[in-house]
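Q: Got a structure for you, written out below as structure tokens; questions coming shortly.
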Protein chains: 4
Amino acid sequence: MQHESFLNIAVKYKAVFLDAYGVLKNYKGLIAGVPDTIDFLRSKGIALRILTNDASRSQEQQAEGFCKLGLTGFEPSEIITSGMMAKMFLQQKILSGKIAYLGTENSAYYILQSGLEHIAVRDIDLEHVDDISAFVFLDDEGFDWNIDINKTVNLLRHKNIPIVVANSDKLYPVSRNHVSVATGGIAKLVESMLHKKFIHFGKPDSQMFMYAFAELNRTGDFNRHEILMVGDTLHTDILGGNKFGVKTTLVLSGNTSAEDADLEINSSGIIPDYICRSIVS
Amino acid sequence: MQHESFLNIAVKYKAVFLDAYGVLKNYKGLIAGVPDTIDFLRSKGIALRILTNDASRSQEQQAEGFCKLGLTGFEPSEIITSGMMAKMFLQQKILSGKIAYLGTENSAYYILQSGLEHIAVRDIDLEHVDDISAFVFLDDEGFDWNIDINKTVNLLRHKNIPIVVANSDKLYPVSRNHVSVATGGIAKLVESMLHKKFIHFGKPDSQMFMYAFAELNRTGDFNRHEILMVGDTLHTDILGGNKFGVKTTLVLSGNTSAEDADLEINSSGIIPDYICRSIVS
Amino acid sequence: MQHESFLNIAVKYKAVFLDAYGVLKNYKGLIAGVPDTIDFLRSKGIALRILTNDASRSQEQQAEGFCKLGLTGFEPSEIITSGMMAKMFLQQKILSGKIAYLGTENSAYYILQSGLEHIAVRDIDLEHVDDISAFVFLDDEGFDWNIDINKTVNLLRHKNIPIVVANSDKLYPVSRNHVSVATGGIAKLVESMLHKKFIHFGKPDSQMFMYAFAELNRTGDFNRHEILMVGDTLHTDILGGNKFGVKTTLVLSGNTSAEDADLEINSSGIIPDYICRSIVS
Amino acid sequence: MQHESFLNIAVKYKAVFLDAYGVLKNYKGLIAGVPDTIDFLRSKGIALRILTNDASRSQEQQAEGFCKLGLTGFEPSEIITSGMMAKMFLQQKILSGKIAYLGTENSAYYILQSGLEHIAVRDIDLEHVDDISAFVFLDDEGFDWNIDINKTVNLLRHKNIPIVVANSDKLYPVSRNHVSVATGGIAKLVESMLHKKFIHFGKPDSQMFMYAFAELNRTGDFNRHEILMVGDTLHTDILGGNKFGVKTTLVLSGNTSAEDADLEINSSGIIPDYICRSIVS
């Protein structure tokens, strides 16, 4: 497929959904030129939303994080995370008992703050689990899950409760060449050990698309073909966008390299509507 | 889990989503008592929608079909099918070329009628496929796919286009003890042969839930926890409803027998909020 | 990886195992030059065996088939098929009852001839299946499985018996660009519908390697590192050979093209010890 | 299925293959009565082999371990482990370079002692990996893989080498109700992250069956139907034994409880020839 100019494409749309990592920023910080692109899109009256597989920080913390990197102007409400979706799910579906979690206290704080009690899996007494009513895999950047993972398996073998994965990414980048196992990978491992179906939040699943689309339509009248999803990963951003029915742009500034793009598209059957080097071009 | 009275549960909700096969009807026709339950729910002002994995007939044909069975009063607009979702997707995303399909002309008629040209895979000349821009697996009740399946594989091996599965069910019931392979099974086979990702419509995927939820909210103000999804199959109705965040009821009048319910819930980890013998109790 | 001369490699080994399709022959017939290579290997005293995923013909029929193509000199006992392995399994493990099968009478004839009665699935009365003690998916070249597949599903849903797949290949080539769905694909479809484990025969599974290795060691003293497996398919020939512990050569005269070889090796992690254009070079 | 007396069954066979955990011992030590059963079988002239998915200790250490528990008389050569199979594979197939591993030094010691240099993944400098020629997932009882797993992923993303899993069990029991994640689970996680095919050793794969069968036939003349495999796990012991073509007995003294046996057999399609409470009955 031919590479096109992102700005030429974007101006044809009423709204643009942006993945964060690999599109706006990378392991070194903000991608050069991104603030200008964002300013330009806003100047054209294009609505923007960030859709990110992340369950470690609240919308406010996310917005602050972008500010610190030098990307100002994003309202917390314009940033939609898989963690928010998990939080809303728990609020709607789990009405009593305690929510157990694997992850850091920080991520637990904002996802589990409202309503029910929550408890880290390491603090659970496996002989007394009657009041545990749900389990959440939270984000784990820098989290040592070596011991807690065994406790998680033993809890979930014996107790049949809804199990939620707040970020389904299997790995996250830590430097140009290196990645770490992420919470979604651990969840997949436990899922395969228990032969159970967990409820996954995060692209390619549609919850964030749905939420962004519904919110957008409170502020105006947006049709799916008037929306462009931009991402660096075929199996999350592009597959999710295609399934939801919006147009999709693959950028080559992150997970998918220019050399491999055509090949990966061909072998996966996941076909973006456009390919661009980055959003800065 | 304890079995509860369906009517006692249903009256606590503002809307009820119903699966068709195994809930309203079975291989013999309408399940006895269903019209009374439907009348009762309507008399209480509860909004009703039927969500069915079916891509063989239009909403109007579906409504007529229920009338013929003796279940009157369902508007075409109250019946949401996986085929409709596939149709909307194609309208939004495929703007030029011809749409190739596997299935009967009848199902092709209503899904592919608007806009683009369509062509049955058996009528394709595999040497001239430049103008084929998408492929759809349609419903196949009574369809002999023995030859067409090979042509489908050969087309899709060489041409990388969006591939849509209009009904992801792997089998459909033909009598009390017997089933037939359905289009979703054939699609899975081809998917595994090609190692590609197709776009599947139908429960447990969320498109029908999304659509029903959005339509409902044009007529009033419905929150997810005020909606009850009712189905006979854990892996489609209940998993899909749980993921979407509505409450779920498993009924034992179809795919899941009373003897096996607890066991299947335990071994799958797919947990309905309620279990009822049927909607007539 | 660099391509090497096959003959230079082969002479370092005491025995060579050869896949048939894509190595010795293709859709047009014998690959040019193959008889000379075979003669050369024999002249060097190298033991030869053909290991082929095929369950449609007996060893004798196979040897005759090669003769007709112009490759003489292979003894029936030098040709090992997945069908033979299935036959031996049934003889060892199924000692009473009738063996039901999906496939043509011709393939049934040689696999099921000895011992027990057998019955085509189309001839079964699904109300009387008490005496059915095992089921076999046979090879199906030119076989119309459209009706029989449904009967197979209905039989195997209700009766828990050993289920054997006599050839696990998902597709077979019918011309340069075209393939057909094969019995292994149908078996996979049924397996996924029933969530059951079938017993698969054929590479990459080790039964044929084991058998060839044991037979070889009746005629002399062969160590695994003295044996070379040659095939055109990474996921069957090379993966199977690697697992069994023999050396492996990928040839580019069949399934794997010269352009794609490095890429497929890299993305699959299945690494042959050597790569050659063909066995004629 | 009906439960039968193990001794009545066993005496009909010339050789018995025994799984260790859940058959001979459990988390508390030797299962009561086991030494008597073993003595009885030996007195009848039945050949015995232990086939165990274990890569942490050598045959000698295994035999000593059984002695300490009170089960004397097993020669090291009668105990076959998945670790031995991995060791033999590496000796046959990897002839130069260094073998990297994930696991403890103790398990590395015996598997990797002969021939090539080996290096723990934690000691690898990821910038200098030219001489790494293979990778092994070793057993990890009590091993903290939290950091090393990330290094493993980063090594194997960039370097395409044969990857061996010396024990494919996903978990191991640590007490009556509790399990720990095992090396096979970690390997599966990495396999799914990299989309690569690793080479797995351990039941249900056939390498140990093959080895035991070949060794046995150096000491006499054993046919497969004269051999009985005994195990407590359908997906490893019974599936592996069935595939290999020997007779199989499921015992209910380990992983599979008496209540669940019929159900698990029915839902998996893995059918043992016999079921016994234990080998002591």
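The values are calculated or read from the model by the stated rules, or taken from the named source; none is laboratory data. The structure presented is a predicted model; accordingly, all values stated were derived computationally and were not measured. Heads up, the Cβs are rebuilt from the backbone with ideal geometry, glycines too, and the neighbour counts pull from every protein chain shown. The area values use the complete protein model at the heavy-atom level, side chains included, leaving out ligands, DNA and RNA. Shrake-Rupley method; radii C 1.70, N 1.55, O 1.52, S 1.80 Å.
Q: Just name the residue that is modelled with the lowest pLDDT out of those in the stretch D:1-27 that are open to solvent by 70 Å² or more (accessible area, probe 1.4 Å) and in a strand (DSSP E or B).
A: Going through the qualifying residues, I end up with D:His3.
Q: Quick check on this structure: which one of B:Asn177, B:Asn146 is touching an Asp or Glu at 6+ places or on another chain (Cβ under 7 Å) and at pLDDT below 90?
A: B:Asn146
Q: Go through the stretch C:197-236 and give me each residue that's of a type outside the set (A, V, I, L, M, F, W, C), out of contact with any Ser or Thr (no Cβ under 7 Å at 6 or more places or on another chain), within 12 Å of chain D (Cβ to nearest Cβ) and more than 16 Å from C:Lys170 (Cα to Cα).
A: If the condition is that a residue be of a type outside the set (A, V, I, L, M, F, W, C), out of contact with any Ser or Thr (no Cβ under 7 Å at 6 or more places or on another chain), within 12 Å of chain D (Cβ to nearest Cβ) and more than 16 Å from C:Lys170 (Cα to Cα), then C:Gln207, C:Tyr211, C:Asn217, C:Arg218, C:Asn223, C:Arg224, C:His225, C:Glu226 are the ones that fit.
Q: With respect to the numbered conditions (1) hydroxyl-bearing (Ser, Thr, Tyr); (2) within 20 Å of D:Ile186 (Cβ to Cβ); (3) without any contact (Cβ under 8 Å) to a residue 12 or more places away in the chain, which one is the sole condition not fulfilled by D:Ser43?
A: Unmet for D:Ser43, out of (1) hydroxyl-bearing (Ser, Thr, Tyr); (2) within 20 Å of D:Ile186 (Cβ to Cβ); (3) without any contact (Cβ under 8 Å) to a residue 12 or more places away in the chain: (2).
Q: Which one of C:Asn146, C:Asn154 is touching a Leu at 6+ places or on another chain (Cβ under 7 Å), facing chain B (nearest Cβ under 9 Å), open to solvent by less than 40 Å² (accessible area, probe 1.4 Å) and at negative phi?
A: Every option except C:Asn154 fails the conditions.
Q: Can you tell me which residue is modelled with the highest pLDDT among those in the stretch D:33-60 that are among the aliphatic types (A, V, I, L, M) and assigned to a loop (DSSP other than H, G, I, E, B)?
A: Looking at the filtered set, the residue picked out is D:Ile46.
Q: Can you confirm whether C:Leu30 is closer than 21 Å to C:Arg218 by Cβ and at pLDDT 95 or above?
A: Here the answer is no, as C:Leu30 does not meet what is asked.
Q: Of all residues being within 11 Å of chain C (Cβ to nearest Cβ) and surrounded by fewer than 24 Cβ atoms within 10 Å (Cβ to Cβ) in the stretch D:246-262, which is farthest from C:His158 (Cα to Cα)? Just the residue, please.
A: Only one residue tops the list, namely D:Lys247.
Q: Then there's this: Can you spot a residue in the stretch C:183-204 that is under 15 Å from the mean Cα position of the chain (by Cα) and modelled with pLDDT under 90?
A: Yes, that holds for at least one residue.
Q: Now, a different point. Inspect the stretch D:113-131 for any residue being within 18 Å of the chain's Cα centre (by Cα) and under 21 Å from D:Ile186 (Cα atoms) and give the result as yes or no.
A: Within the stretch D:113-131 (the criterion being within 18 Å of the chain's Cα centre (by Cα) and under 21 Å from D:Ile186 (Cα atoms)), the answer is no, since none of the residues qualifies.
Q: Restricting attention to the stretch D:184-196, which residues are closer than 23 Å to D:Asp19 by Cβ and within 9 Å of another protein chain (Cβ to nearest Cβ)?
A: If the condition is that a residue be closer than 23 Å to D:Asp19 by Cβ and within 9 Å of another protein chain (Cβ to nearest Cβ), then D:Gly185, D:Ile186, D:Lys188 are the ones that fit.
Q: A further question follows. Taking the residues in the stretch A:75-88 that are in a helix (DSSP H, G or I) and hydrophobic (A, V, I, L, M, F, W, C) as candidates, determine which candidate is nearest to B:Ile227 (Cα to Cα).
A: Result: A:Met88.
Q: Any chance the stretch B:252-265 includes a residue that's in a loop (DSSP other than H, G, I, E, B), out of contact with any Asp or Glu (no Cβ under 7 Å at 6 or more places or on another chain) and closer than 23 Å to A:Leu95 by Cα?
A: So far as the stretch B:252-265 goes, no, none of its residues is in a loop (DSSP other than H, G, I, E, B), out of contact with any Asp or Glu (no Cβ under 7 Å at 6 or more places or on another chain) and closer than 23 Å to A:Leu95 by Cα.
Q: Run down B:Ala63, B:Ala108, B:Ala86 and say which single residue is under 21 Å from the mean Cα position of the chain (by Cα), over 26 Å from B:His235 (Cβ atoms) and either at pLDDT 95 or above or within 14 Å of another protein chain (Cβ to nearest Cβ) (or both).
A: So the residue among B:Ala63, B:Ala108, B:Ala86 that is under 21 Å from the mean Cα position of the chain (by Cα), over 26 Å from B:His235 (Cβ atoms) and either at pLDDT 95 or above or within 14 Å of another protein chain (Cβ to nearest Cβ) (or both) is B:Ala63.
Q: Based on what the data block shows, is D:Ala214 among the small types (Gly, Ala, Ser), out of contact with any Pro (no Cβ under 7 Å at 6 or more places or on another chain) and part of a helix (DSSP H, G or I)?
A: yes
Q: What are the pairs, 6+ residues apart or on separate chains, where a residue within the stretch D:6-26 that is closer than 14 Å to D:Ala63 by Cα and free of Cβ contacts under 8 Å to residues at least 60 places away in the same chain has its Cβ under 7 Å from a residue that is buried (at least 22 other Cβ atoms within 10 Å of the Cβ) and not aliphatic (A, V, I, L, M)?
A: What qualifies is D:Ala20/D:Thr52.
Q: Could you pull out the residue among D:Ala182, D:Ala187 that is over 30 Å from A:Asp125 (Cβ atoms) and of a type in the set (A, V, I, L, M, F, W, C)?
A: Only one candidate qualifies: D:Ala187.
Q: Of everything in the stretch A:195-245, what is touching a Gly at 6+ places or on another chain (Cβ under 6 Å) and either more than 29 Å from A:Asn26 (Cβ to Cβ) or open to solvent by 30 Å² or more (accessible area, probe 1.4 Å) (or both)? Give them in sequence order.
A: Passing the criteria: A:Lys196, A:Lys197, A:Pro204, A:Arg224.
Q: Let me ask something else about it. Step by step: first the residues of the stretch A:231-281, then only those that are β-branched (Val, Ile, Thr) and within 27 Å of B:Tyr211 (Cβ to Cβ), then the one that is nearest to the chain's Cα centre (by Cα). Which residue is that?
A: A:Thr236
Q: Further question on the same structure: When you scan the stretch D:267-281, do you find a residue that is part of a strand (DSSP E or B), more than 10 Å from every other protein chain (Cβ to nearest Cβ) and either open to solvent by less than 10 Å² (accessible area, probe 1.4 Å) or modelled with pLDDT under 95 (or both), even just one?
A: Yes; the residues of the stretch D:267-281 include at least one that is part of a strand (DSSP E or B), more than 10 Å from every other protein chain (Cβ to nearest Cβ) and either open to solvent by less than 10 Å² (accessible area, probe 1.4 Å) or modelled with pLDDT under 95 (or both).
Q: Report, by residue number, each residue of the stretch D:89-136 that is assigned to a helix (DSSP H, G or I), open to solvent by 70 Å² or more (accessible area, probe 1.4 Å) and touching a residue at least 12 places away in the same chain (Cβ under 8 Å).
A: Within the stretch D:89-136, D:Gln91, D:Glu105, D:Asn106, D:Arg122 meet the criteria.
Q: Scan the stretch B:157-181 for residues that are within 8 Å of chain C (Cβ to nearest Cβ) and of a type in the set (S, T, N, Q) and jot them down.
A: B:Asn177, B:Ser180 - these are the residues of the stretch B:157-181 that are within 8 Å of chain C (Cβ to nearest Cβ) and of a type in the set (S, T, N, Q).
Q: Is it the case that C:Glu141 is open to solvent by less than 60 Å² (accessible area, probe 1.4 Å) and among the charged types (D, E, K, R)?
A: no
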